[in-house]
Each structure stands twice: as C-alpha cells, then as structure tokens.
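Values in this text are rule-based calculations from the coordinates and carry no lab data. Just so you know, these numbers come straight off a predicted model, no measurement behind them. Positions of Cβ are backbone-derived with ideal geometry, glycine not excepted, and every protein chain shown enters the neighbour counts.
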Amino acid sequence: MNAKEYLKQAFYLDKRINSKLEQVENLNVLATKATSTLSDMPKNPNRNISRLEDTIVKIIDLQEEINKDIDKLVDLKREIANSIYKLDDKEEQTVLEKRYLCFDSWEQIAVDMNYSIQYCFKVHKRALLKLEDNNGANNIKESNN
C-alpha cells in the first residue's frame, strides 16, 4: 500500500458510514410507515408486529455496525494525523490534513491556502514522497499487517 492509498482509507470508511446512516434512515421510514386496509375478514393481529420487529432488529444491528465503523474511523484518523505530523514542512502537513482528514476538494484547499490548484498538487506530491521515503513508509507498512 502506498502513501496515497493509506491516507485515502479514512475517506472510504467515512463514505461507508454515511451510506449505512442513509440505510438506517430508510429503515426508520419503512418502520414508521403505516398502511391500513379495511376489510370484513378477520386478520392475524401478530402479522404486522413481526415485520415491524424484524425491521427494528435490522435497524439496531446496522446502528451497531455504524458505531464500530465510527470507532475505526476515529482511530484511523488519529493514526493518519500522526503520520502527517511527522513531516517537517507545515505547508505539506496542512495540504495532507485538509485533503485526507477534512476531505476537502482540491479547489477548496487552494482557496483556503490562497494557492493555485497546481501548486497544491505539487505540495501534495512532495509530501507523499516524503511520507513514503521517511518514517511514514514504515508506519504505512505496519498498518497493513
């Protein structure tokens, strides 16, 4: 795993968490949606309760998964931040932090730092090379195991 792949792990984990949160929201809507049918025929009173119960169990399971993923994301971001802060250059640290911890777009990073996008790319590339060449490469390889 190279430095860029290592740093992008947090972005993809964050996207998975957001996807699961959206799934929980959809299940909540499904669980609270009530439809009634008027009929003279007697119905089993437990029929809808088990469907609702199944949906609630799915929601709870998904929320537990989300909590575990959030814990992983916090730990991963801390690990990535430690790798970034080992760089000596504050400019490189800031670009990597904005890109891989705040998930800012290149355009936003350029505006925030008052740089051109091309210069941000240059700083980014330089920082990635330093991460791979210095202690960052050891940390990246260790996190793979």
**Message:** Need the full-extension length gain, E91 to S105, defined as separation in residues times 0.36 nm minus the C-alpha distance. One decimal, nm.
**Reply:** 3.4 nm
**Request:** First measure r as the distance between the Cβ atoms of R51 and F11, then evaluate 1/(1 + (r/R0)^6) with R0 = 41 Å and state the FRET efficiency to the nearest 0.05.
**Result:** 0.65
**Fill in**
Using alpha-carbon positions, the gyration tensor of region 57-106 gives root eigenvalues a ≥ b ≥ c; with a/c under 1.5 called rounded, otherwise prolate if a/b exceeds b/c, else oblate, the class is oblate
**Asked** How much length is gained if the chain between F121 and Q23 is pulled fully straight, taking 0.36 nm per residue apart and subtracting their Cα-Cα distance, in nm to one decimal?
**Response** 31.7 nm
